[in-house]
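The values are calculated or read from the model by the stated rules, or taken from the named source; none is laboratory data. None of the values given here were measured: they were computed from a predicted structure. For neighbour counting, all protein chains shown are included, and Cβ atoms are generated from backbone atoms with ideal geometry for every residue, glycine included. Just the protein is used for accessible areas: all its heavy atoms, side chains included, with ligands, DNA and RNA removed. Shrake-Rupley method; radii C 1.70, N 1.55, O 1.52, S 1.80 Å.
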Amino acid sequence: MPWTSLENRVNSLPLILAGPILRRVEPHSVSIWIALSKSSTIGMHLTPGIVDTGAGSGPFDNSGATHTATAATKRIGQHLHLALVTLTIPEAQVALTPQTLYSYNLIFIGDGPTKDLKSLGLLKDKTSHPKHLALGYQPRLLPNFVISPIALHHLNILHTSCRKAHGLGNVDAMQGIDVLIKKAGTDPLKRPHQLFLTGDQVYADDIAMPLLPMLTDAGKVLLGKKEKMPLNATEKIEINLNNLPTGRRMKTTLKTANFSSTAASCHAFSFGEYCALYLFYWSNALWTEDFPEDSVALTEPTPPPSKPEILSKLPANDDSDDDDEDTPAERQEKRQKKVDALKEKFKEEKEHLKVFTKALPKVMRLLANVPVYMMFDDHEVTDDWNLTAQWRSDVLAAPFGKRVLRNGLLGFALFQAWGNMPKYYESGIGAEILEKTEALFPDSTAEGPVAAPGDRLDVIFGLTDAEPLVQWHYTVKSGPTNTAVLDSRTQRELKGKYSPPGLIKLSSLLEQLPQTLVPTAGAEVLLVVATAPVLGLGIFEELLQPLASRIVDVVHHFKKPGPDEKLIKGHEDFDVEAWGLNPKNLEQFLAHLQPFKKVVFLSGDVHYGFTTKMEYWKKNEATTSSFIQLVASGAKNEIEGWKRSILPNATGQKIFEQAYIPMERKGWKNATTLIEEVDVPDGRVIPHGMRVRLNDNPVLLPTSGWPEGTQIDVPSDWSWRLEFVRDERADEDRPSKAQLSFGDTDIDPADAGTGYAKVLQRHEKFFKNNFSRRINWNANIGKVTFSGTGTTLKVKHQLYFYHPQEPQPNDPQPYMEFEAALTPSDAPEPVIPRTL
């Protein structure tokens, strides 16, 4: 069936555009987010246990519900109404019971008969488009969830990140969470208790070519009016496919918005496009069975005759690199090659979108059955968002770029942050965000947004010279302990025009990680969501990224950009913003966390999964601190390009294993004369790199790279050792397809040479399939559990993914599993020079 625009389907819009999505759940409150096409009053009915709604197609009798709540939708646009229904149980009343299943129903009161999840047909499978699965996992059952347990060793947490609709991967690994919930059934100890989405839940800067026309079309329909954005201080442009075609937005992104993304030919610009993006990522309600044809998507733009002067303010489209000396035939040949390349790209991305849309029914169901917590990284707004002080300055100076930032942040507030902190949006700044949003595109205007509420949102979001007024970070109870979800995008330390940022500024540390979060007996661990890995892979952070960025800058030094071009700086191209690239900020962050003793980081961002452990020594303290880094990334966005060719193989694994692991550091604060205390053997000198470090304050030194026999007599104030955690399971305990030792009968002990060759070939095959014991390069989700108490406390990190060649019947499976002690080891403190 060919694609039909939403504008031509507006009279048949479904009531539910996305959701229900279960959000913050606590013993005294439950919040559910939903998007509707019509205004409504929504009621929530909560009942202990599994609820069978019985036969028939009418609404369910909710008289057995023990708790109820109602909320009215917020009007975002003519056909977009959002609600967060929060059920609150007063503290004086009995709370919801841990390790207990609760079912919920939603009723919708508006024009016409009252509807609920049952009468809308959501409690049974639907095989026609748009497909959906019974929300309760069996026909007639209401969706349900589990209240987090009291004991830490019963807690099940899932996490993942980086889900791009057309990202690489043979499946959308996010659907694996639905499989895990279904397998757990009604067992409250096996069900996941929380899901943390740790960044890049949508990709606003890198949208598939077939998808952007659908978003632009839907955005206009949802808001119900034209949306115009400022090109400069006095002129505006309507956001549509004629003015800004799909596949041809790159130069506008770079030159008009002053962004730096290298993959932004289909960047979302308008508020309507950002809203539609979330709806298309979380639901199939607005998808059609087919996509726009490339002949539609790649239509040459035709400027409206009445406003050529406005369009002339935009950079020329991406196909306009004709040479003045080209003949007409040469010019036509160049343009045809570009069009052919775009059509091929369109075709490839269309196939990736089919994988994505196939998984949506499972994604829709899982989001309704497990409490979900979210935090932005950069792609929810734009790639490289707040990368450096210069980036921020350049973008805020561009009216178009500043407006895109506002649209992206407003989308995050409505579709993600609101559910993270329901109480925050009931009053104060949070309530004002909702109020101003409702005023942007009122019924009384033919176009929008209205200036006054938009200007106030700019102030609230910190898109002026002042600090932002809004709070994005939050904490939530995870069973018996706490999870702190950090904002490392708007609260980062930007010093120097192009210097790598400190990912959290010191003035924000106490607010985001107060000492009141110190764990209690029986749950002596603090969980911290940091979107980028705090304890990342040193070879990327300290060598490859900075080196690659310098090479790009050298090349660009000799290249002159054309009038419609912008050269991307090396640090922008390679995202030089890892925690480890600003050592002082990282050390201050770790020092702040050191009193917590046992800290587990949940992160994503990097498009591969791993686990590292840091043991941290502080002077005059008898016990060390343990920091465990768990990374699950990406749900649907595997690494590509040169990284895909080099890293997932035996050589790449060896580099990671040997080049920087274990990594050790020793630190001295206020050590301005430490260089005088370094004693090197006669005839040797302090290496130049070390002399530079010794002149820093504080001083941070590696333990390797020193002449043998070097001594530093001043005790360090702190030191640490970072190592990979390895999958130590016996081969027979791993999933069968991840086992190396299967049927070695083809190896002849008498023919050693051939035998070794076969073993090497087998290992290389498994590295390519990403079945190593350290790093996973497949689309994945992470499961976090705990065992032991006190001196035996451990955290287990299982990376679930689908077989990279062909999904297996039992997929997703924990093809990789890591276990790390959260207690001090018997390893000695690092010394200079290193002795291992």
* Restricted to the range 216-272, and to residues that are among the aliphatic types (A, V, I, L, M) and within 15 Å of Val381 (Cα to Cα), which residue is most open to solvent (accessible area, probe 1.4 Å)? -> Ala263
* Matching residues in the range 717-733 - criterion: being in contact (Cβ under 8 Å) with a residue 12 or more places away in the chain and more than 25 Å from the chain's Cα centre (by Cα) -> Asp717, Trp718, Ser719, Trp720, Arg721, Glu728, Arg729
* To do: Taking the residues in the range 443-500 that are aliphatic (A, V, I, L, M) and under 22 Å from Lys236 (Cα atoms) as candidates, determine which candidate is farthest from the chain's Cα centre (by Cα).
  => Ala446
* Asked: Do we find that Leu387 is surrounded by 22 or more Cβ atoms within 10 Å (Cβ to Cβ) and either of a type outside the set (D, E, K, R) or outside any loop (DSSP other than H, G, I, E, B) (or both) in this structure?
  -> yes
* Structure fact -> Matching residues in the range 484-494 (open to solvent by less than 10 Å² (accessible area, probe 1.4 Å) and not in a loop (DSSP other than H, G, I, E, B)) number 2
* Going by the conditions given, is Phe291 aromatic (Phe, Trp, Tyr), at pLDDT below 95 and not in a helix (DSSP H, G or I)? -> yes
* To do: Given the conditions (1) in contact with an Asp or Glu (Cβ under 6 Å, 6 or more places away or on another chain); (2) under 29 Å from Leu189 (Cα atoms), report the number of the one that Pro59 does not fulfil.
  => (2)
* **Within the range 181-244, strands (runs of 3 or more DSSP E) holding 2 or more residues that are touching a helix residue (DSSP H, G or I) at 6+ places or on another chain (Cβ under 7 Å) and farther than 25 Å from Ser633 by Cβ** => 226-230
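Which ones in the range 157-208 are among the acidic types (Asp, Glu) and open to solvent by 10 Å² or more (accessible area, probe 1.4 Å)?
Asp187, Asp206
Got a sec? Which of Lys402, Lys345 is more than 30 Å from Leu180 (Cβ to Cβ), open to solvent by 10 Å² or more (accessible area, probe 1.4 Å), in contact with a strand residue (DSSP E or B) (Cβ under 9 Å, 6 or more places away or on another chain) and in contact (Cβ under 8 Å) with a residue 60 or more places away in the chain? Talk me through it step by step, then tell me what you get.
Details: Lys345 fails: in contact with a strand residue (DSSP E or B) (Cβ under 9 Å, 6 or more places away or on another chain).
Going through Lys402, Lys345 in turn, just one is more than 30 Å from Leu180 (Cβ to Cβ), open to solvent by 10 Å² or more (accessible area, probe 1.4 Å), in contact with a strand residue (DSSP E or B) (Cβ under 9 Å, 6 or more places away or on another chain) and in contact (Cβ under 8 Å) with a residue 60 or more places away in the chain: Lys402.
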* Asked: Which of the residues spanning the range 19-39 are surrounded by fewer than 23 Cβ atoms within 10 Å (Cβ to Cβ) and under 26 Å from Lys226 (Cβ atoms)?
  -> Leu36, Ser37, Lys38, Ser39
* **Residue list for the range 443-479, filter: modelled with pLDDT of 95 or more, part of a loop (DSSP other than H, G, I, E, B) and surrounded by 15 or more Cβ atoms within 10 Å (Cβ to Cβ)** => Pro449, Val450, Phe461, Gly462, Leu463, Pro468, Val470, Gln471, Trp472, His473
* To do: Return the residue satisfying two criteria in turn: it lies in the range 190-211 and is aliphatic (A, V, I, L, M) and modelled with pLDDT of 95 or more, and of such residues it is farthest from Arg248 (Cα to Cα).
  => Leu195
* To do: Tally the residues that are surrounded by fewer than 18 Cβ atoms within 10 Å (Cβ to Cβ) and either within 23 Å of Asp811 (Cα to Cα) or in contact with a strand residue (DSSP E or B) (Cβ under 8 Å, 6 or more places away or on another chain) (or both), restricting the search to the range 142-156.
  => 1
* **Failed item, numbered, when Gly411 is tested on (1) crowded, with 20+ Cβ neighbours inside 10 Å; (2) modelled with pLDDT under 95; (3) under 19 Å from Ala208 (Cβ atoms)** => (2)
* Structure fact -> Gly169 vs (1) at negative phi; (2) assigned to a loop (DSSP other than H, G, I, E, B): all pass except (1)
* Of all residues in the range 354-372 being outside any loop (DSSP other than H, G, I, E, B) and over 16 Å from Tyr278 (Cβ atoms), which is most open to solvent (accessible area, probe 1.4 Å)? -> Lys358
* Asked: Mind checking whether some residue in the range 259-266 is in a strand (DSSP E or B), in contact (Cβ under 8 Å) with a residue 24 or more places away in the chain and touching a Gly at 6+ places or on another chain (Cβ under 8 Å)?
  -> yes
* Do we find a residue being at pLDDT below 90, buried (at least 17 other Cβ atoms within 10 Å of the Cβ) and either within 24 Å of the chain's Cα centre (by Cα) or assigned to a loop (DSSP other than H, G, I, E, B) (or both) anywhere in the range 582-592? -> yes
* Structure fact -> Counted residues in the range 138-152 being within 27 Å of the chain's Cα centre (by Cα) and of a type outside the set (A, V, I, L, M) come to 5
* Asked: Could you list, in sequence order, the residues of the range 726-747 that are assigned to a helix (DSSP H, G or I) and modelled with pLDDT under 85?
  -> Asp744, Thr745, Asp746
